[in-house]
Protein chains: 2
Amino acid sequence: MRLSEGVEWALHSCAVLALLGPDHTLPATRLAEFHGVPAAYLAKHLQQLSRAGVVESMAGRRGGYRLARPPAEIRLLDVVEAVEGSERAFRCAEIRRRGPSAVSDDQYSPVCGIARAMWRAEAAWRAELARQTLADVVGVMGREVSPEAVAKAAAWFQEVVR
Amino acid sequence: MRLSEGVEWALHSCAVLALLGPDHTLPATRLAEFHGVPAAYLAKHLQQLSRAGVVESMAGRRGGYRLARPPAEIRLLDVVEAVEGSERAFRCAEIRRRGPSAVSDDQYSPVCGIARAMWRAEAAWRAELARQTLADVVGVMGREVSPEAVAKAAAWFQEVVR
DNA sequence: GTCCCTATACTCGGATAGCAAGTGTCCGAGTATAGGCGG
DNA sequence: CCGCCTATACTCGGACACTTGCTATCCGAGTATAGGGAC
């Protein structure tokens, strides 16, 4: 099991957009530059976030991305599902119904016990991601980051934001 | 994010071995036949289970697989990690340290706040998988499966077990 | 009848191809802007 | 001086190659068994 690298990029990008506030936009190129990742590929993930309604895209000369809602209303789950999709990680192929001991379909419980157990764990994962918002994460980061880093980032924002 | 199909096969195979009890073994071929899956590929996963100490392999003419411990002592997490590996799903590439606003390494908190948030969710997932044992799952399945299916499976066992 | 030996058939185990999904990139469509022109 | 229009430069968005890891398979090494022979 492996989460797409794009999830990390998306989360960091959203964090930056949260710091920027609702009055400014940042183009994909700048976000990529800030994180040192390929611009074209990050753009792909930002499009997914846009489609999912997590960020808003502004077209045109001074366009770019900004959060679609306040950070406190964006759950980490929203970001993760925007990139990874909302399909379940464990997919039940109903192998219990195959093989020589198979019986007629109506003899089986509606969902396989093994699948239920696995999905219970996934639900716990989702619940934890739903509990944490972007505001939480940004808050913690803001408390932990060093003053020098803050200054440097602020200077960069000054330079690129119009 | 997607779990390997082998996880499902491994779990079902372990459930069958649990029903079989510690006094019998079942070769990979039979397990594959019972579930209607490719034998050679299932064998690969059984090897992983064996390496992880979840099942024991008996070589020779009447060899096969059996559980290495009582079902109550086998956590679903053990089975899942045997197949999927114990690496984290979310991998922090430390992109916060890249880009134009990077500062010296000692300025950063030991682990990125975003990674910590993601790993918290993974911990919840693992905890839920660790809480449930093979005995739990088999117990539920035993209560849900229809009498006809039980009879059919028992007959098949009688036929193949020596 | 009992013990030992050998040949056998069966098992697991790791090394080897094929394919799908994630990774990375590009170019075209669309739009808000900036400047110039006319009134 | 003000308003409108047009050209522009910049943005996003979807369509196209490439690489990694999962899927699937095979064949060789090792071993407990079953049968036969000797005592």
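The values are calculated or read from the model by the stated rules, or taken from the named source; none is laboratory data. Quick caveat, the model's predicted, so the values are computed rather than measured. Reconstructed Cβ throughout: ideal geometry from the backbone, glycine too, with neighbour counts over all protein chains shown.
Which pairs do you get when a residue that is among the acidic types (D, E), found in segment A:123-138, comes within reach of a residue that is surrounded by 21 or more Cβ atoms within 10 Å (Cβ to Cβ), reach meaning Cβ atoms under 6 angstrom, with the pair 6+ apart or on two chains?
A:E128/B:A121
Could you check segment A:144-153 and list, in sequence order, the residues that are of a type outside the set (D, E) and either within 9 Å of chain B (Cβ to nearest Cβ) or more than 24 Å from the chain's Cα centre (by Cα) (or both)?
Correct list: A:V145, A:S146, A:P147, A:A149, A:A151, A:K152, A:A153.
It is to be established whether one or more residues within segment A:68-87 are within 11 Å of DNA strand D (Cβ to nearest atom) and out of contact with any Gly (no Cβ under 7 Å at 6 or more places or on another chain).
no
Can you spot a residue in segment B:130-141 that is of a type in the set (S, T, N, Q), under 26 Å from A:R98 (Cβ atoms) and within 7 Å of chain A (Cβ to nearest Cβ)?
For segment B:130-141, residues of a type in the set (S, T, N, Q), under 26 Å from A:R98 (Cβ atoms) and within 7 Å of chain A (Cβ to nearest Cβ): present.
Of all the residues that make up segment B:44-75, how many are part of a loop (DSSP other than H, G, I, E, B), within 17 Å of B:A135 (Cα to Cα), more than 13 Å from chain A (Cβ to nearest Cβ) and of a type in the set (A, V, I, L, M, F, W, C)?
Counting residues in segment B:44-75 that are part of a loop (DSSP other than H, G, I, E, B), within 17 Å of B:A135 (Cα to Cα), more than 13 Å from chain A (Cβ to nearest Cβ) and of a type in the set (A, V, I, L, M, F, W, C) gives 2.
Working carefully through the options B:A89, B:A72, B:A82, find the one that is small (G, A, S), under 14 Å from the mean Cα position of the chain (by Cα) and modelled with pLDDT of 95 or more.
Being small (G, A, S), under 14 Å from the mean Cα position of the chain (by Cα) and modelled with pLDDT of 95 or more holds for just one of B:A89, B:A72, B:A82, which is B:A82.
Give segment A:44-65 a look and list any residue that's free of Cβ contacts under 8 Å to residues at least 24 places away in the same chain, over 15 Å from A:D23 (Cα atoms) and surrounded by 15 or more Cβ atoms within 10 Å (Cβ to Cβ), or say none.
A:Q47, A:S50
Could you tell me which residue of segment B:145-162 is nearest to DNA strand C (Cβ to nearest atom), considering only residues that are outside any helix (DSSP H, G or I) and surrounded by 12 or more Cβ atoms within 10 Å (Cβ to Cβ)?
B:V161
Select, from B:R96, B:R88, the only residue that is surrounded by 20 or more Cβ atoms within 10 Å (Cβ to Cβ) and of a type in the set (K, R).
B:R96
Which ones in segment B:107-129 are more than 9 Å from every other protein chain (Cβ to nearest Cβ) and in a helix (DSSP H, G or I)?
B:W119
Which residues, taken from segment A:1-43, are within 13 Å of DNA strand D (Cβ to nearest atom), free of Cβ contacts under 8 Å to residues at least 60 places away in the same chain, within 10 Å of chain B (Cβ to nearest Cβ) and outside any helix (DSSP H, G or I)?
If the condition is that a residue be within 13 Å of DNA strand D (Cβ to nearest atom), free of Cβ contacts under 8 Å to residues at least 60 places away in the same chain, within 10 Å of chain B (Cβ to nearest Cβ) and outside any helix (DSSP H, G or I), then A:R2 is the only one that fits.
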